[in-house]
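The structure appears right after this line, and notes come after that.
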Amino acid sequence: MENKTRRLRDYAAIYFKGMAMGAADVVPGVSGGTIALIAGIYEELIGSIAAIKPQLWQLWKKQGFAALWRTINGNFLCALLAGIVSAIFLLAGIIKYLLLQQPVIIWAFFFGLVASSIWFLYRSIAHWDAKKIMTAAIACIAALIIVYLPPAAAADISLAYLFFCAMLAICAMILPGISGSFILVLLGTYEFVIGAVHDKNLTVIAVFIGGACIGLLSFAQILKYLFAHYHDITLAALTGFIIGSLVKIQPWAHMPAEAGWFMQSIVPLFFIALGAGAVLTLEYLGKRYR
């Protein structure tokens, strides 16, 4: 967790980073955690979430709400969460439409975004030795195994099962390289959840948020420990996860059989370049407005 003196424009930048995370989380195969890493807020996010513990109740009683708010980095979390929620509600319908009607364009954009983030992670590790390379390779293989798991059939989905799925998905959602949305696809609940968000089904949304909160608070403690004690090894593993996940989101898998040369080459390459440009923009914002 980091407490910093921030101005209004800094929180506006955090809000838009949250929107980028939310937009990514809607797409199966793209991780909002990857966006947080690129934007330079990942470790602060994990530390802030990990600070939310039962002991905060005692802190509130003894020192007041202001002390609690500072401890959890509340301004940062609120600005980021507002951006994530805004993007999910505003963009869920648009992204769902694009996935159905223009899959090559949206997959190419996110492929460029995720692929170019590998270089960002690579540079974040000062020295790559055999141990880190092996860690990245194992993580890459693990991601490939997850990617090629057959999706579960969507059956009657109970609220208890949805709660469990939300716990798993949120862990993946904050883990760069593994998409929370893709985990929902594997568990057979992705279309159900997206439909609930689009239709404003408050019961389903509330159950999902409850499961996500429990999973998030638990998993953040693990990630905080890993970053504190095994920082570069953890980054190497995340790099491997992202490399392995690229297979899932490459745009040519969604190419129509009748597509011509222009659609098969120029269009995807153009949107891949746009995705890479988005990474450069996010990295710039990450350095300027932390």
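Numbers at a glance
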| item | result |
| --- | --- |
| Test result for residue 184, out of contact with any Lys or Arg (no Cβ under 7 Å at 6 or more places or on another chain) and under 30 Å from residue 136 (Cβ atoms) | yes |
| Helices (runs of 4 or more DSSP H) completely within segment 36-126 that count 2 or more residues being of a type in the set (Lys, Arg) and over 28 Å from residue 273 (Cα atoms) | 56-63 |
| Residue within segment 98-108 that is modelled with pLDDT of 80 or more, closer than 17 Å to residue 245 by Cβ and out of contact with any His (no Cβ under 7 Å at 6 or more places or on another chain) present | yes |
| Single unsatisfied condition, residue 111 versus (1) of a type outside the set (A, V, I, L, M); (2) within 29 Å of residue 247 (Cα to Cα); (3) in contact with a Ser or Thr (Cβ under 9 Å, 6 or more places away or on another chain) | (3) |
| Top-ranked residue in segment 192-244 [being of a type in the set (Phe, Trp, Tyr) and in a helix (DSSP H, G or I); ranked as surrounded by the fewest Cβ atoms within 10 Å (Cβ to Cβ)] | 225 |
| Only listed residue being of a type in the set (D, E, K, R) and under 17 Å from residue 182 (Cβ atoms), chosen from 25, 10 | 25 |
| Selection from segment 106-125 of residues that are under 25 Å from residue 230 (Cβ atoms) and not basic (Lys, Arg) | 114, 117, 118, 119, 120, 121, 122, 124, 125 |
| Filter result (at pLDDT below 80, out of contact with any Leu (no Cβ under 7 Å at 6 or more places or on another chain) and part of a helix (DSSP H, G or I)) within segment 152-191 | 172, 173, 180, 181, 182, 185, 191 |
| Selection count, segment 219-234, where residues are modelled with pLDDT under 90 and among the β-branched types (Val, Ile, Thr) | 2 |
| Any hit, segment 18-30, residues being closer than 20 Å to residue 166 by Cβ, among the charged types (D, E, K, R), buried (at least 22 other Cβ atoms within 10 Å of the Cβ) and under 12 Å from the mean Cα position of the chain (by Cα) | yes |
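The values are calculated or read from the model by the stated rules, or taken from the named source; none is laboratory data. Model, not experiment: these values are computed from the prediction. Glycine also receives a Cβ, built like all others from the backbone with ideal geometry; neighbour counts cover every protein chain displayed.
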